[in-house]
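See structure below.
The values are calculated or read from the model by the stated rules, or taken from the named source; none is laboratory data. Note that this is a predicted model, so its numbers are computed, not measured. Positions of Cβ are generated from backbone atoms using ideal geometry, with glycine treated the same way; all protein chains shown enter the neighbour counts.
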Amino acid sequence: MNPPHVQFSAPFGRRHFLASVGTAMGLLALRAMAGESQANPLAPRSSTYRPRAKRLIHLFMNGGPSHIDSFDPKPELAKYAGKPLPGPKLLTERPTGSAFPSPFKFKPCGQSGLPVSDLFPKVAQCADMLCVVRSMQSDTPNHEPALMLMNCGDQRQIRPSLGSWLVHGLGTECANLPGFVSLCPGGLPVQEGQNWQNAFLPAACQGTHLDTLADSPTQWIENLKNEAVSPATQKAQLAFARKLQSLGGGSLPPDPRLEGRLGSMELAFRMQWEASDALDLAREDQSTRDLYGDTIQGRQMLLARRLVERGTRVVQVWTGAGQPWDSHDDLEANHRRLAKDCDQAIAALLIDLKRRGLLEDTLVLWGGEFGRTPTVELPTPGSNLGRLNGRDHNPYGFSVWLAGGGVRTGTAVGATDAFGFKAVEKPVHVHDLHATILHLMGFDHEKLTFRLAGRDFRLTDVHGRVVQEMLS
Amino acid sequence: MFLTGWLFLLTAPNAEPDAQAWGLKPWMTQTTPAQPAQSAQANPIDNFIRVALQAKSLQPAPAADKPTLLRRVYFTLTGLPPTAEQVDRFVADTSQDAYGKVVETLLASREHAERWARHWLDVARYADSKGYAFLEDRHFHFAWTYRDWVVGALQADMPYDRFIHEQLAADLLHPPGSEGRDNLAALGFLTVGRRFLNNQHDIIDDRIDVVTRGLLGLTVACARCHDHKSEPIDQSDYYGLFGVLAASKEPKELPLVGKGPANEADQRFLSEQQRRDKAVADFTTARRQFRLDQLRQADSLRDHLLASVANATDRTELSRTKELNPHLVERLEAYWDTKPAENVWWSVWQAGRKAAPDKFSQALQEALAKPGVPVPLQALSASSNLESLATAQAALLAGALWGNPQLGDLKKILDSPDSPWVFTREQTGKLLGREDRDQQRDLQRQADEWRAITPPSLARALALEELPEPPAVHIFKRGNPSRLGKEVPCALPACLDGGTPIELGAKGGRLALAKSLTRPDHPLLARILVNRVWQWHFGQGLSRTPSDCGSTGDLPSHPELLDFLAREFIRQGWSLRKLHRLIVTSETFKQSSQPSDAAQAIDPENRLLSHQNLRRLDWESLRDRLVQVGSGLESSTGGPPVPLLTTPYPRIRTLYGYVDRQQIPMTVRVFDAANSDTHVAKRSETITGLQGLALLNAPLVLEQARALGASVTGGSSDRVQELFRRVFARLPVEAELSAAEKFLADFETKPPAPPSLWQAGMGQWDAKAQKLLHYQPLKHFTGQAWQPAPLLPTPDVGRLSLTAIGGIPGNKPNQAVVRRFTAPESGIVMIDGILRHPDYRGDGVEACLVSSRHGLLASWKVLQEEVGTKVGPIEVQKGDTLDWLVISGGDPGYDGFLWSPRLSYQGTGKMHDSGRDFSGPEQVPLNPWQSLAQALLLSNEFHFVP
């Protein structure tokens, strides 16, 4: 799409516009009632205290990547290869058998010597930027509730997602783009749009899904282009609508929403180019595009950077539709393929954010909804292919890593047992992870609340503690 | 001072330690405040409002002018604007009861019932889909019978108490064979909620929430896990209602409502449906029997016995080589340590499994020597190790199971309910193998697809029926169903009756619940309802937390008025129509929305209603108004829902649109449409750029602007005047007219976009002749996909569709989905692309590339993989077509594919990318009149009602 070659005259100027909408929103905010707000839910707001990070990129490895094969080395497993593990057996979704040592090799990486497996050779080179949490815990071995817990802090009930809470708490710094975007190529993850639901928060807080398998901005955002009306005419239409307002058409009483609406349409007019611009990867220089790689994952990681750079508050980057990391069979081949798809792109994202100075106040979170068992999954007709070379789900202990604003880097927090089955040292529950992320974004997780039906709801419900070991 | 009681609460909340929820307070002593003079026939509402205004020295605003008043009352009662003619007529009617006549007409109209049905559907979290359903069919198919029932009930002014009775207990009011069975559709109030992957506890929780917050303004759902923190509601209240709702289930065969089979076609439909349903049931029964028999074979019995006592390594090995049912293995493993396994028929096996290998024979002999060991067990005596023992024991078991009369006692053990080999009907899923379940799912899908096209005459109610044996209900400690607390009776929350729970009984519990909620002496139900109605008329309720009347809810601004209205409502026979009439004929409703300076200073939130509130159109009113002034609204009598954003755009009211709670389209969501996840107390109201994008660019809006602009004729000034009349029901003032003239003079035409070279279509692939037959373009565009019908699947085409990145072929053999390129010029082209079949199930898809000049150029087959689809160089002449077509691999399930080919002309390097160039229907540029029409649709006057 070509730039419009249309400039708004003075009253339409960008600064003036933002100022006037700002005022209108301010008035609206005054009118707002707790819980039933008329204020613009996307207007930028400050957090409770000074944030270490202003935006979040959540790399969601849906399906459950194996920690034992990536960031949590368990050499002990080799001793028991093919034999039952000692100790009590933990119940997972399906029956598992004897110990299954990792087919991948670990080595210490970077100056910190943080061990990373050869699944992620390029991410390994960024080891010094990572804070690996090895003692993650979830509550359930099933995908759907585990996804809900990781995204929304509750397995069962309909609660807003982390991204929605952050947009609710902080607004967005670029009104021309959605505040919360979920990138997922080729369709939707399991549990679909509920992963980024706003629940009872204002609709504008909901994640907007872009299918990154397509590669043109107009296929990502509805109604972004118009083949029937020229930009000049659109501009004239907006001016006409404004003129009717100034002539008192319809005898509308004074109300800040009137200006707010006109402003929002002028904003939309500009979004047609600005959003296209944000989403147009062709505008990146070749060396940057090479850094990320010409792949679907490369494309969506680069898109994530372009979005946060322009003020989108939260971007989720999903591996793909369904639950790609769910390697009940052929774990070695499947994990190898999946990691190869994203390794370069993830490393590129970290490097690129860093060299642009964005990593300082951007939080990057990598992880799935749970990890995988150190034992081999047994054949279950109807559930797997029975090849005895995969792992079942494991919510008792798994790894995620964080990078960026306010995170202690080149370090591993907590530990699982000798085999990687259960978090035994400094366990970090999903609620704790949420509390820590909110803390880094400038919120006390007990105070970021929304009043509904007589109760103050929060992301962490009645749980959660900030994990000091993760903070720099 | 009648306000004293409430002011007391407002100013000193701690002075009364048990500050009670406003909804639960006893009736206030009825006091219509002394009239502050003015009119003798003043509506009592105005008295209440004026007394409170006087207390703040505020004046009510003057009455709105007639056109404004007419627009307001049309919108509030019908959700639609009046036409210019209707405004003219009203202005011209100077009779005393001009307004009253309009109100009566509107109250009796179907449009009124439609509008207020939509309000009620917000309360009822209405949707046409179940939410996330994994591989299950996600459509409800018949939720619309509930929607239509609500419209019908409101149009008939069904008394609100009966309205509630039907929605909670229509099945009990109208038992089979009695009159009024159509009312069973009312039970949708309970059943149209999200289905939570069929988790019963979550489903019941959702129903408790819709009853308690929706009808009573009580937040009972908090008490699922713990006693309520701020309200007098504890866990036994929650589980008391849980018991009422857990005593019912949806019948397997949903009852027919409406006329029933009307003709032969209906009969044929029904028998086909029965055939498909039976196919699923027969298949399941047959496979179940097959699997049961399989597990009763001696070899299988032996393998399972061995696996159940093997260590992890051996079990792993056994799993590799034998066909094991893991559920049975686990059951057996647990079984050996239970009481039934101490039976003498197991004694030898038990001894053998526990014995060390070197003491094996000895242990066996000892066991066999024990008194009372049945003779047939001597067959085990020759076993030298666990394997041979398992073989011998399995032979005995097989003998017993297959009817050897000497083993009758053993058979009894194997058939008893605690036997690991017994799988109840409900446990059939644990018996079936992967292939069984895949096939079962495909049959179920075929049945569901048929159900999706049920003719309206065969509509069904999403009804409930009572279980023959209602389950005993216990409190779940911390909401955890595996931690049972004390048993609780089915009962009303105790707080409703001053702390005494009224028992409802599990049998007939829903009817008892409905009747106790509608007791005319209890204020709660009526208070909550009249407050909602007030909110829908004024934009905010007397209490602004309409679904929370608890101690943390917003206190009513005019508690006496609220009680007056609630009482009046009950006294007038729970008539909603009379309540509407009372409200919209009040001076308070009719006053201007211009606030006085004093009002803005003293009461900026207008809680005292010194003037009317400026109302913004919600999504439904906005789309209805757009279509009404554009291509014209069509009346409808209801029926199955239609997707509103799929072309060609339907012209029915938004109420009748398809609501998929899992995927509410962005264009709908940005206008704050109801989120049907849970009960909606009040729509949020946002102003965002995405709304602007939709109004500027959405093809739906452009189409209305086109129709509107094309409908006006005559000279320039005539057309402008007509546009204003059509859109705003008024004429333009001079300055508006000249602004419009200037707009038209400055108009710049957008050159039409070049026609798309790509087209989505379907056809029949003749593999023998290598020809595509019966090609036809796809006619419906959803915004993402081209497809042959507005809503998929259908039995004729399945899910056939094409998007920018891929598609799905038809469900019939060789029914192809086609991406067609028409060459704009002659030359040599190179063709490229990657074809993927991403699903790990199904049998993949087949694909071909066919040239109109050269015939079949290439073909591919993909299953859970991807292939490059490079072809060329190929010669094309201008106007030649190239067809990339895809058909099912045979099994019509899991055929989604990804393929967006591109081609480039050699020499010129011109590239045509089907993904990048993918588009919806061609957009004809708007002419000056149509552009002006769209500008009117953008204006604030179009979006707000003063």
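The residue that is nearest to the other protein chains (Cβ to nearest Cβ), counting only those in region B:712-726 that are touching a Leu at 6+ places or on another chain (Cβ under 9 Å) and of a type outside the set (A, V, I, L, M), is B:F724. Within region B:657-693, the residues that satisfy the criterion of being hydroxyl-bearing (S, T, Y) and more than 7 Å from chain A (Cβ to nearest Cβ) are B:Y658, B:S676.
Are there helices (runs of 4 or more DSSP H) fully within region B:531-628 with at least 3 residues that are within 14 Å of another protein chain (Cβ to nearest Cβ)? List them. Before you say what the answer is, go through the steps one by one.
Numbers: elements: B:559-571, B:576-584, B:587-590, B:597-602.
Answer list for region B:531-628: B:597-602.
One residue alone among A:T312, A:T295 is touching a Leu at 6+ places or on another chain (Cβ under 8 Å) and β-branched (V, I, T), and that residue is A:T312.
Checked against (1) at pLDDT below 90; (2) outside any loop (DSSP other than H, G, I, E, B), B:A740 passes all but condition (1). Assessment of region A:139-159 against the conditions (touching a Cys at 6+ places or on another chain (Cβ under 7 Å) and polar (S, T, N, Q)) yields no matching residue.
Residues are listed down the side, and each one gets a yes or a no for (1) of a type in the set (A, V, I, L, M); (2) without any contact (Cβ under 8 Å) to a residue 24 or more places away in the chain:
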position: B:F781; (1), (2): no, no
position: B:L792; (1), (2): yes, yes
position: B:T803; (1), (2): no, no
position: B:V817; (1), (2): yes, no
position: B:V829; (1), (2): yes, no
position: B:V845; (1), (2): yes, no
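Selection of region B:208-236 for residues being in contact with a His (Cβ under 9 Å, 6 or more places away or on another chain) and at pLDDT 90 or above yields B:D209, B:V210, B:R213, B:G214. The number of residues in region B:668-700 being in a helix (DSSP H, G or I) and either at pLDDT 85 or above or farther than 16 Å from A:A43 by Cβ (or both) comes to 11. Answer yes if at least one residue in region B:821-832 is touching an Asp or Glu at 6+ places or on another chain (Cβ under 8 Å), among the charged types (D, E, K, R) and either assigned to a strand (DSSP E or B) or over 13 Å from B:D891 (Cα atoms) (or both), and no otherwise. The answer is no, given that none of the residues of region B:821-832 is touching an Asp or Glu at 6+ places or on another chain (Cβ under 8 Å), among the charged types (D, E, K, R) and either assigned to a strand (DSSP E or B) or over 13 Å from B:D891 (Cα atoms) (or both). Of all residues in region B:745-758, one or more are in a loop (DSSP other than H, G, I, E, B) and either away from chain A (no Cβ under 14 Å) or over 27 Å from A:T233 (Cα atoms) (or both). Restricting B:L885, B:L857, B:L932, B:L898 to those that are surrounded by 20 or more Cβ atoms within 10 Å (Cβ to Cβ), in the same structural domain as B:N814 (by TED's automatic domain parsing) and at pLDDT 95 or above reduces the list to B:L885.
If you go through region A:178-232 and keep only what is closer than 19 Å to B:I805 by Cα, touching a Leu at 6+ places or on another chain (Cβ under 6 Å) and hydrophobic (A, V, I, L, M, F, W, C), you end up with A:L183, A:L210, A:W220. Among the residues of region A:160-193, those that are surrounded by 24 or more Cβ atoms within 10 Å (Cβ to Cβ), closer than 16 Å to B:Q662 by Cα and within 12 Å of chain B (Cβ to nearest Cβ) comprise A:P160, A:P189, A:Q191. Would you point out the residue of region B:616-639, among those that are among the β-branched types (V, I, T) and within 11 Å of B:R653 (Cα to Cα), that is surrounded by the fewest Cβ atoms within 10 Å (Cβ to Cβ)? Out of the qualifying residues, it is B:T637.
Output yes when any residue across region A:125-138 is assigned to a strand (DSSP E or B), at pLDDT 95 or above and surrounded by fewer than 21 Cβ atoms within 10 Å (Cβ to Cβ), and no when none is. Reasoning before the result, please.
We begin by selecting, within region A:125-138, every residue assigned to a strand (DSSP E or B); these are A:130-137.
Filter once more, so that each one left must be at pLDDT 95 or above: A:130-137.
Next cut, surrounded by fewer than 21 Cβ atoms within 10 Å (Cβ to Cβ) only: none.
No; the residues of region A:125-138 include none that is assigned to a strand (DSSP E or B), at pLDDT 95 or above and surrounded by fewer than 21 Cβ atoms within 10 Å (Cβ to Cβ).
In the condition set (1) within 30 Å of B:G692 (Cα to Cα); (2) in a loop (DSSP other than H, G, I, E, B), B:G893 is compliant with all but (1). Right, B:T321: in contact with a strand residue (DSSP E or B) (Cβ under 6 Å, 6 or more places away or on another chain) and within 20 Å of A:L378 (Cα to Cα) or not? Taking the combined requirement at face value, the residue does not satisfy it.
Given the options B:R302, B:R268, B:R275, B:R320, name the one that is in a helix (DSSP H, G or I) and surrounded by 15 or more Cβ atoms within 10 Å (Cβ to Cβ).
On the way: B:R268 fails: surrounded by 15 or more Cβ atoms within 10 Å (Cβ to Cβ); B:R275 fails: surrounded by 15 or more Cβ atoms within 10 Å (Cβ to Cβ); B:R320 fails: surrounded by 15 or more Cβ atoms within 10 Å (Cβ to Cβ).
Residue meeting the stated conditions: B:R302.
Residue selection: B:S631 satisfies the criterion of being in a loop (DSSP other than H, G, I, E, B), more than 10 Å from every other protein chain (Cβ to nearest Cβ) and either hydroxyl-bearing (S, T, Y) or over 20 Å from the mean Cα position of the chain (by Cα) (or both).
Pick from region A:194-207 the residues that are more than 7 Å from chain B (Cβ to nearest Cβ) and outside any loop (DSSP other than H, G, I, E, B): which of them is surrounded by the most Cβ atoms within 10 Å (Cβ to Cβ)? Looking at the filtered set, the residue picked out is A:C205. Screening region A:336-392 for residues that are acidic (D, E) and either more than 19 Å from A:K74 (Cβ to Cβ) or in contact with a Cys (Cβ under 8 Å, 6 or more places away or on another chain) (or both) and picking the one that is farthest from the other protein chains (Cβ to nearest Cβ) gives A:E360. Residues of region A:217-237 that are modelled with pLDDT of 90 or more and either over 22 Å from B:A753 (Cβ atoms) or more than 7 Å from every other protein chain (Cβ to nearest Cβ) (or both): A:P231, A:K235.
Per-residue answers, yes or no, for (1) in contact with a helix residue (DSSP H, G or I) (Cβ under 7 Å, 6 or more places away or on another chain); (2) part of a strand (DSSP E or B); (3) of a type in the set (S, T, Y); (4) closer than 25 Å to B:E922 by Cβ:
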{"position": "B:L773", "(1), (2), (3), (4)": "no, yes, no, no"}
{"position": "B:Q776", "(1), (2), (3), (4)": "no, yes, no, yes"}
{"position": "B:W786", "(1), (2), (3), (4)": "no, yes, no, yes"}
{"position": "B:A789", "(1), (2), (3), (4)": "no, no, no, yes"}
{"position": "B:L792", "(1), (2), (3), (4)": "no, no, no, yes"}
{"position": "B:L802", "(1), (2), (3), (4)": "no, yes, no, yes"}
